[in-house]
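Asker: Quick one: the structure is below, questions incoming.
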Amino acid sequence: MAPSSVFQPGNTAVITGGASGIGLALAQRCAAHGMRVLITDWDDELLGKVAAAAADDGSSIATFKMDVGRLEDWARLQERINGDFGGMINLLALNAGVGSPSSFSDAASFRRVLDTNLYGVINGLSTLLGGVQSTAATESGSGPSAIVITGSKQGITNPPGNPAYNASKAAVKTLAEQLCFDLRDSANVSVHLLVPGWTFTGLSGNRPGGGKEKPAGAWWPEQVVDYLEAKMAEGKFYILCPDNDVDEETDKKRMLWSVGDVVEGRPALTRWHEEWKTQAQEWMDNQKV
C-alpha cells in the first residue's frame with residue numbers, strides 16, 4: 001500500500017462519531033488542511049456545538065445526524081455525500097463507538113454496543129467503500145483515498161470487564177485486516193487500523209463541557225490525530241498509539257503475552273489471574289521486542 005496523502009486542500013472527509021473526541025480532532029485537522037468535512041453523530045447537543053463553532057470560525061465542517069447501526073441512515077448519508085461532495089470521499093473515518101457496560105445476563109447490552117461499534121463499520125463499508133474506491137480511481141487529481149477504522153487495545157488484549165466492547169473491537173480488527181488484504185493491490189486506497197491508547201474522550205468521561213481535568217496518563221485526542229497522520233504518511237496499517245503511561249514496547253509485550261495464552265495452552269486471560277500475575281510481569285520485564 002502506498003503512503004497516504006489524503007490531507008490535501010479540496011479533498012473530502014467523512015467521519016463518523018465526529019462531534020467529540022478523536023473524531024472531532026480529526027475533523028478539525030482535516031479542515032485545517034483545507035479539506036471539506038462532513039461529520040456524523042447521533043448526539044444533537046454535540047452536533048449543535050460543532051455546527052455553531054464552524055459557523056463562527058468559517059471552517060468547512062458540516063454535520064449530519066445519524067445512527068450508524070441503521071442502514072437506512074447510511075442511505076441518507078450517501079445522498080448527502082452525493083449532494084455535497086459529488087459522491088467523492090478521500091478520507092472515510094469509521095470512528096463511531098460506545099463503551100456501554102455489558103453483561104452475559106443482558107443480551108440487549110451486547111446489541112447496543114455491537115450495533116454501533118461493529119455494524120457501524122460494516123454498514124459504512126457496505127455503503128461507502130465503492131465511493132472511496134471510485135474517488136481514488138478518478139483522473140481529476142482528487143485521489144488517493146484512505147479508510148481509517150478505529151479499533152481498541154481491548155480488542156487485542158481482551159481485559160476482563162466488558163465483553164461486548166472487547167468483542168466488538170476484536171471483530172473490528174478482523175474486518176480491518178480483511179479489508180486491508182482485499183485492497184492490497186490498490187495503489188490509491190490505503191487502509192489503517194487506528195488503535196488509540198488511553199485518550200481523554202467521552203468514552204473515558206470527558207464529555208465536552210463537562211469540566212473534568214485530564215488524567216496525567218491520558219493523551220488528548222489531538223495527540224492521537226498527530227500520531228495517526230504521521231503513521232499514515234509512513235503507510236502503516238496498524239497504528240498502535242502509546243499514551244503517557246504506556247509506551248509502545250509495553251503494549252507489544254502485553255499483546256505477545258496474550259497470544260501466548262493460546263500458543264502455550266494457558267488458561268484464558270492469564271495476565272489478570274492472581275496466580276499468573278507475577279510470572280506474566282517477570283516475562284514482560286525480561287522480554288525484548
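The values are calculated or read from the model by the stated rules, or taken from the named source; none is laboratory data. Because the structure is predicted, anything quoted here is derived from the model rather than measured. Heads up, the Cβs are rebuilt from the backbone with ideal geometry, glycines too, and the neighbour counts pull from every protein chain shown.
Asker: For segment 101-130, give me each residue that is closer than 22 Å to Ser145 by Cβ and either touching a strand residue (DSSP E or B) at 6+ places or on another chain (Cβ under 7 Å) or outside the structural domain of Ile147 (by TED's automatic domain parsing) (or both).
Answerer: Here is the first cut: in segment 101-130, the residues closer than 22 Å to Ser145 by Cβ are 120-130.
Answer for segment 101-130, where residues must be closer than 22 Å to Ser145 by Cβ and either touching a strand residue (DSSP E or B) at 6+ places or on another chain (Cβ under 7 Å) or outside the structural domain of Ile147 (by TED's automatic domain parsing) (or both): Gly120, Val121, Gly124, Leu128.
Asker: Could I ask something else about it? Which of the residues belonging to segment 236-278 are at positive phi and in contact (Cβ under 8 Å) with a residue 40 or more places away in the chain? Let's see the steps before the verdict.
Answerer: First, the residues of segment 236-278 that are at positive phi: 265, 269.
The one that is at positive phi and in contact (Cβ under 8 Å) with a residue 40 or more places away in the chain: Leu269.
Asker: Based on this model, can you work out whether Arg76 counts as in the same structural domain as Ala176 (by TED's automatic domain parsing), free of Cβ contacts under 8 Å to residues at least 40 places away in the same chain, over 22 Å from Val225 (Cα atoms) and touching a Phe, Trp or Tyr at 6+ places or on another chain (Cβ under 9 Å)?
Answerer: Yes: the conditions hold for Arg76.
Asker: Follow-up. Using the structure shown, decide if Leu118 is touching a residue at least 40 places away in the same chain (Cβ under 8 Å) and under 20 Å from Ala27 (Cβ atoms).
Answerer: In short, no.
Asker: Tally up the residues in segment 254-274 that are surrounded by fewer than 14 Cβ atoms within 10 Å (Cβ to Cβ) and part of a helix (DSSP H, G or I), please.
Answerer: Qualifying residue count for the region: 4.
Asker: Follow-up question, since we're still on this one. Could you please find all residues in segment 48-99 being in contact with an Asp or Glu (Cβ under 9 Å, 6 or more places away or on another chain) and farther than 24 Å from Ser126 by Cβ?
Answerer: Residue satisfying the conditions is Val50 alone.
Asker: Quick check, is Gly69 surrounded by fewer than 17 Cβ atoms within 10 Å (Cβ to Cβ), over 14 Å from the mean Cα position of the chain (by Cα) and not in a strand (DSSP E or B)?
Answerer: no
Asker: Of Gly131, Gly97, Gly58, which residue is within 29 Å of Thr199 (Cα to Cα) and surrounded by 20 or more Cβ atoms within 10 Å (Cβ to Cβ)?
Answerer: Matching residue, one of Gly131, Gly97, Gly58: Gly97.
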